[in-house]
Amino acid sequence: MAKSQICFFIGTLALLLVSSAFADDVVVLTEENFEKEVGQDRGALVEFYAPWCGHCKKLAPEFEKLGASFKKAKSVLIGKMDCDEQKTLCSKYDVSGYPTIKWFPKGSLEPKKYEGARSAEALAEYVNTEGGTNVKIATAPSNVVILSTDNFDEVVMDKSKDVLVEFYAPWCGHCKSLAPIYEKVATAFKSEDVVIASLDADKYKDVGEKYGISGFPTLKFFPKNNKDGEDYDGGRDLDEFVSFINEKCGTSRDSKGQLTTQAGIIASLENLVKDFVSATGDEKKAIFDKLEEQVGKLEGSAARYGKIYTKAAKSCLEKGTDYATKEIQRLERILSKAISSTKSDEFTLKKNILSIFAA
């Protein structure tokens, strides 16, 4: 089978791939916000693209890298416009092919066309020259575990970890489009017992053949309890990956890696907490004892969350019924500030569990 045939992926996924490949760092421009964002007190590099355009898909990870690097540069905007949706403006700026990249100087809506190379580095050099900036392309360390024949079994067959593996080929355009999304998935779950990994199945053909890989990218999920592997047939956008992992691994993360409001909640303790909240006096103490007994039977991460339940209940007993509400307010003030991801997780778990006692 020819490489071009192998690399061909399901056509209906194309729109998802290109739309998801852009980060929030690249500003989405429309007819409604264009003149508010462009032609004001900063220069703007704008990509005019079409969702079905192959060259646009290839450019996507480079443009995302550019947007991330210039995120803090207040004098420059990196933007994109979908010309299938914004036909009038694209026509106004004589866009006849995709992608078309134009530079709008500070205070001007009269652009000039960018004719250079389409790498993040070349684009950054151009923006630095035009915008008077000195920004380097960000090279953040990857959270995707790189697999080879040497470490595949050690990583993937580890029964203490759930592992998602992308089998890819370096020359595959769809794999390149998926790369920035896959990196975001890895980043979102870096604090969990979940491994997001990738294997160059063109280089390590024996591993690819062992798992029946015939097209790229192919993704397989290896949960703790099934190291034979399961085909991943879900969508290729960030939210669908996150939903899949949360469902399969029992995690509670959003697409930015933050814990959701359900993190730490233990369904089996729900009725006991309700009884505890509504009870008074000696009855409340008796229910606390039952809660403590049930928490003692929990295992794994549930046992860790259970300790937060008993600590919250004990504080409610000692400090009164309004303890939970006041403590939630305190935690919200802390969470609104810049704190480490570890502390954010700790306080979010406590806030989630306290919310049940405040109900």
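The values are calculated or read from the model by the stated rules, or taken from the named source; none is laboratory data. Just so we're clear, the structure is a prediction, and the values are computed from it rather than from any experiment. Using ideal geometry, Cβ is built from the backbone for each residue, glycine included, and neighbour counts are taken over all protein chains shown. Heads up: the accessible areas ignore ligands, DNA and RNA and are worked out on the full protein's heavy atoms, side chains in. Shrake-Rupley method; radii C 1.70, N 1.55, O 1.52, S 1.80 Å.
Table for the structure above
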| item | result |
| --- | --- |
| Per-residue SASA entry for Arg333, accessible area with 1.4 Å probe, Å² rounded to 10 | 140 |
| Values of log10 I(q)/I(0), in the order q = 0.11, 0.13, 0.16 Å⁻¹, for segment 253-359 under a Debye, Cα-only, solvent-free model | -0.34, -0.47, -0.70 |
| Calculated [θ] (222 nm, deg cm²/dmol) that DSSP helices of n ≥ 4 give over the chain, each run adding -39,500 (n - 2.57) | -14000 deg cm²/dmol |
| Rounded D (µm²/s) - segment 78-141, Kirkwood Rh over Cα pairs, Stokes-Einstein at 20 °C, 1.002 mPa s | 161 |
| Solvent-accessible area per residue for the chain (1.4 angstrom probe, square angstrom) | 53 |
| Volume in Å³ per residue [convex hull over Cα atoms, computed for segment 226-315] | 117 |
| Percent antiparallel among DSSP beta bridges (both partners in the chain, rounded to 5) | 45 |
| Range in the chain, longest, excluding exposed GluC sites (Glu not before Pro) [loop by DSSP; at most 16 other beta-carbon atoms within 10 Å] | 116-298 |
| Whole-angstrom gap from segment 327-345 to segment 281-307, using each part's C-alpha centre | 25 |
| Where labels lie 7 Å past Cα in the beta-carbon direction, separation of Ile334 and Ser91 in nm | 5.7 |
| Alpha-carbon Rg/Rh ratio, for segment 173-258, with Rh computed the Kirkwood way | 0.95 |
| Rounded, prolate or oblate (a/c below 1.5 giving rounded, otherwise prolate when a/b exceeds b/c) for segment 31-76 by Cα gyration tensor | oblate |
| Residue-count net charge about Phe167 - beta-carbon cut-off 13 Å; Lys, Arg +1, Asp, Glu -1 | -2 |
| Heavy-atom SASA rank of His174, His55 (probe 1.4 Å, accessible area, largest first) | His55, His174 |
| Principal axis dimensions, segment 100-246 - Cα atoms, whole angstrom, descending | 59, 30, 27 |
| Cα-only radius of gyration and Dmax that characterise segment 294-346, units Å | 13.2, 36 |
| Sequence-separation-based contact order of segment 245-359, relative, with Cα cut under 8 Å and 6+ spacing, percent | 31 |
